[in-house]
Amino acid sequence: MNYLIKPFFYASVAAVILNSCSASKQGYAAKNDEVKMNISEKPDVIDYAALQQQNVPDMAGRSDKGRGEFTGIIGGTISLATNAVKQMIAKNKAKFNAEYTYGLTDLYFYDQLSLDGPFDPLGLQFSGFKLVRTFDNGGKMDTALVAEFELDAVNPYEILNNSVFRLKLKSLQLNYAKAKVPGNNNFLNMDFEIIFNSSYVNSNGALFKNIELGKFYFFLRQAPLDKNAAGYDDYYKNLIGKKLDGQSFIVPRSFGYHITGKNNAQPSYSQGAYSITVNVKESSKNSFVNQMIIDNSGQLVEALGGALKKQLK
């Protein structure tokens with residue numbers, strides 16, 4: 001190697017190494033960070049008056065129909081066949097990974113009691129939730145993440161007929177990563193795992209403690225952190241309205257009583273107490289993203305739905 005070139009070569013290599021070791025200004029935002037979640041509730045999430053009447057044919061009615069004619073009830077009659085193989089962030093304590101958890105409990109899924117049963121959807125008030133993470137950025141609190149998820153009510157018949165619901169992304173703003181981000185990267189991978197749980201008692205007096213109703217997953221891959229980078233706005237704009245993987249049972253109402261007059265109580269079903277837990281994983285290196293099989297919520301609902309409903313009766 002030419003002696004005049006050697007110093008330049010070594011300097012170039014050193015610069016590359018130093019740049020890869022240095023952290024991005026959008027990464028390692030972990031000092032005194034706080035995570036908060038807010039629930040969104042509103043009356044009459046589903047407008048039942050606007051829904052069409054559903055006719056459920058009996059066996060005699062079905063036998064009178066031709067095989068080629070559609071006789072099913074209105075709703076989600078076609079299997080979604082969601083792919084259960086996902087790329088998830090491996091659980092790793094390396095400096096290029098970070099994990100944190102949100103949680104809310106003592107929530108009510110419905111705004112009123114029911115006389116009709118544990119899965120009566122009338123009065124459903126859950127409409128979504130919002131996640132916020134802040135941190136100490138040079139002596140002042142700054143916002144690292146704002147993510148808002150909402151009930152996907154595009155098919156209300158699925159909630160009514162199958163007692164399950166789905167979620168979609170309403171908005172997402174990612175400003176800083178908690179995981180360390182190399183200076184030559186400025187991209188982040190994120191996994192959101194959302195879990196709904198409930199405790200209830202059925203009419204036979206059987207108690208069910210902290211039962212998992214369903215899980216949702218939302219994945220970000222190569223999400224840009226630099227607002228000035230090309231494609232930053234388009235990346236997050238394309239996420240709006242994206243459906244989350246997974247589904248959940250609507251919250252079962254617990255059996256109890258309500259007062260109908262002086263010294264008179266009658267059976268009824270509660271407003272549906274539940275909790276939400278959100279686990280977030282970050283990784284700034286693709287090598288920490290491994291392939292694994294996650295729960296196929298559709299198959300779980302199909303396999304366990306009947307058994308769960310029997311327990312609640």
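The values are calculated or read from the model by the stated rules, or taken from the named source; none is laboratory data. Owing to the predicted nature of the structure, the values given are computational and were not obtained by experimental measurement. So basically every Cβ, Gly included, is an ideal-geometry build from the backbone, and we count neighbours across all protein chains shown. These accessible areas exclude ligands, DNA and RNA; they are computed on the full protein's heavy atoms, side chains included. Shrake-Rupley method; radii C 1.70, N 1.55, O 1.52, S 1.80 Å.
Some values worked out for this structure:
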read-out	value
Residues that are buried (at least 19 other Cβ atoms within 10 Å of the Cβ) and aromatic (F, W, Y), drawn from segment 118-166	F119, F126, F129, F135, F149, F165
Filtered residue count, segment 200-221, keeping only those that are out of contact with any Ser or Thr (no Cβ under 8 Å at 6 or more places or on another chain), among the hydroxyl-bearing types (S, T, Y) and farther than 30 Å from A29 by Cβ	1
Residue match in segment 180-194 (condition: open to solvent by 10 Å² or more (accessible area, probe 1.4 Å), closer than 30 Å to D116 by Cβ and under 14 Å from the mean Cα position of the chain (by Cα))	no
Residue within segment 86-93 that is out of contact with any Cys (no Cβ under 7 Å at 6 or more places or on another chain), open to solvent by 60 Å² or more (accessible area, probe 1.4 Å), modelled with pLDDT under 90 and not in a loop (DSSP other than H, G, I, E, B) present	yes
Qualifying positions in segment 228-260 - free of Cβ contacts under 8 Å to residues at least 12 places away in the same chain and either part of a loop (DSSP other than H, G, I, E, B) or open to solvent by less than 60 Å² (accessible area, probe 1.4 Å) (or both)	N228, A230, G231, Y232, N238
Residue within segment 299-313 that is modelled with pLDDT of 95 or more, over 17 Å from the mean Cα position of the chain (by Cα), over 20 Å from F149 (Cα atoms) and in a loop (DSSP other than H, G, I, E, B) present	no
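Rundown of residues vs (1) outside any loop (DSSP other than H, G, I, E, B); (2) more than 24 Å from P182 (Cα to Cα); (3) more than 16 Å from the chain's Cα centre (by Cα), yes/no style:
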{"residue": "P118", "(1), (2), (3)": "no, yes, yes"}
{"residue": "M141", "(1), (2), (3)": "yes, no, yes"}
{"residue": "F149", "(1), (2), (3)": "yes, yes, no"}
{"residue": "I159", "(1), (2), (3)": "yes, yes, yes"}
